[in-house]
1. Can you tell me how region A:60-173 classifies by the Cα gyration tensor, rounded, prolate or oblate, using a/c under 1.5 as the rounded cut?
2. Stick to the Cα atoms of region A:1-87, pair each with every other, and give me the Kirkwood hydrodynamic radius in Å at one decimal.
3. Figure the gain on full extension for A:Arg109 and A:Lys142 (residue separation times 0.36 nm, minus the Cα-Cα span) and round it to one decimal in nm.
4. Let me check the size of chain B from its C-alpha atoms; what are the radius of gyration and Dmax in Å?
5. For A:Asp40 and A:His73, compute 0.36 nm times the residue count separating them, minus their Cα-Cα distance, and round to one decimal in nm.
6. Using Cα atoms only, what is the angle between the long axis of helix A:114-126 and the major principal axis of chain A, expressed in degrees (0 to 90) to the nearest 10?
7. Using only alpha-carbon positions, what ratio does the radius of gyration of region B:86-159 give when scaled by 2.2 N^0.38 Å?
8. Suppose only helical runs count, i.e. DSSP H with n ≥ 4. What mean residue ellipticity at 222 nm does that imply for chain A under -39500 (n - 2.57) per run, divided by all residues and rounded to the nearest 500 deg cm²/dmol?
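Computed from the coordinates by the stated procedures, all read-outs in this text should not be read as laboratory data. Note that the structure is predicted; figures quoted are calculated from it, not measured. Note that each Cβ is placed from the backbone with ideal geometry, even for glycine, and that neighbours are counted across all protein chains shown.
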Amino acid sequence: MIHKTKNKHHKIILAIITIIIVATLAISPEFYENMLVSTDYSSIILILAYLPGFLILMGLFEVWLPQKFVMNHLGKHSGFKGAFYSFALGSIMPGPLYLAFPFAATLLRKKVSLFNAALFIGAWSSLKIGEEIFELQFLGLKFLLLRIAITIPFVILTSYIISRAHLVRESLR
Amino acid sequence: MNSALTFNMIVLAVFLVFYIRNSKKGKEVIISAARSLKAIAPLLIIIIIALIFMQVIFSEKSITGYINEFSGPRGYLVAVIFGAIIHIPMFIAFPVGGQLLQAGINPGIIAVLITSLVMVHFITIPVEIKELGLKFAVIRNLLSILFAVVIGIILGVLY
């Protein structure tokens with residue numbers, strides 16, 4: 001579902017950057033020459049090297065974990081099991097965060113608890129299983145484990161606050 | 001490089017297993033991957049340009065003093081605001097974070113930036129309000145901003 005990423009803004013930014021580069025290239029070609037020669041391309045090559053596997057993995061998640069299946073599955077469970085499934089599925093589902101909101105609204109209509117729906121959004125936004133390979137590669141195992149271990153309690157706390165205060169529009173309560 | 005190769009091989013093997021079981025769905029996977037690539041291509045190019053320019057900026061000696069100035073509370077504040085405004089997918093945020101880590105920036109600040117990047121999205125707040133209500137959107141984003149800073153401070157101490 002990454003293909004639902006809206007890229008209109010990105011295209012505009014890219015066009016502006018291109019214009020700036022072309023304009024400054026005319027003024028000082030040496031600057032770019034030096035820059036391109038001295039640049040360490042290893043991190044860029046690494047991103048591109050991981051990209052094919054990553055995109056296929058996201059495709060696999062999307063095709064074999066259709067939204068309908070996830071929603072029906074989540075609706076059935078409550079208590080600890082429901083919370084666990086909400087978190088797990090939130091972190092597996094690929095795609096940008098704004099797709100999680102209509103998804104969570106549908107979950108609420110299916111009588112999934114507000115706590116679990118908020119947990120689903122929290123997991124979707126903070127921990128993406130498929131993308132962790134990039135965190136491991138670029139920031140290291142220590143950073144990855146620390147960040148996840150520290151983030152999860154706060155995701156739970158946020159969901160708890162939201163569900164205790166019933167912070168959702170009335171039609172979904 | 002070897003780990004990237006291993007990762008690609010494992011994904012390819014899993015994909016082939018699924019493809020053999022159901023070739024129609026297998027083709028859908030390929031189409032989905034191709035569309036994703038098309039959708040993220042402009043952003044990917046922007047990030048590659050940014051990564052090249054970041055190296056130039058960080059190679060300047062004068063910038064080191066500048067970074068030290070932002071390693072305290074001000075750095076956390078800048079990181080959280082930057083993360084809330086900018087909107088990039090997680091897998092692209094990590095290489096940028098890695099670059100900053102190499103440049104000697106406090107890991108706590110990088111954690112704040114990443115957490116804020118992924119959890120707080122000012123641009124998509126209208127969608128959040130429409131689907132889940134004003135209170136949900138405002139409180140979730142405010143809590144995420146607050147917790148992004150707290151998460152970063154804890155990580156900075158423990159790292």
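1. Values: a/c = 2.12, a/b = 1.41, b/c = 1.50.
Oblate.
2. Working: mean 1/r = 0.0564 Å⁻¹.
Across region A:1-87, the inverse of the average 1/r is 17.7 Å.
3. On the way: separation 33, 0.36 × 33 = 11.88 nm, distance 3.94 nm.
Gain on stretching A:Arg109 to A:Lys142: 7.9 nm.
4. 19.3, 59
5. Values: separation 33, 0.36 × 33 = 11.88 nm, distance 4.67 nm.
Length gained between A:Asp40 and A:His73: 7.2 nm.
6. Helix A:114-126 sits at roughly 20 degrees to that axis.
7. Details: Rg = 13.6 Å, N = 74, 2.2 N^0.38 = 11.3 Å.
For region B:86-159, the normalised Cα radius of gyration comes out at 1.21.
8. Details: 9 runs with 132 residues, N = 173.
Using -39500 (n - 2.57) per qualifying helix, the result is -25000 deg cm²/dmol.
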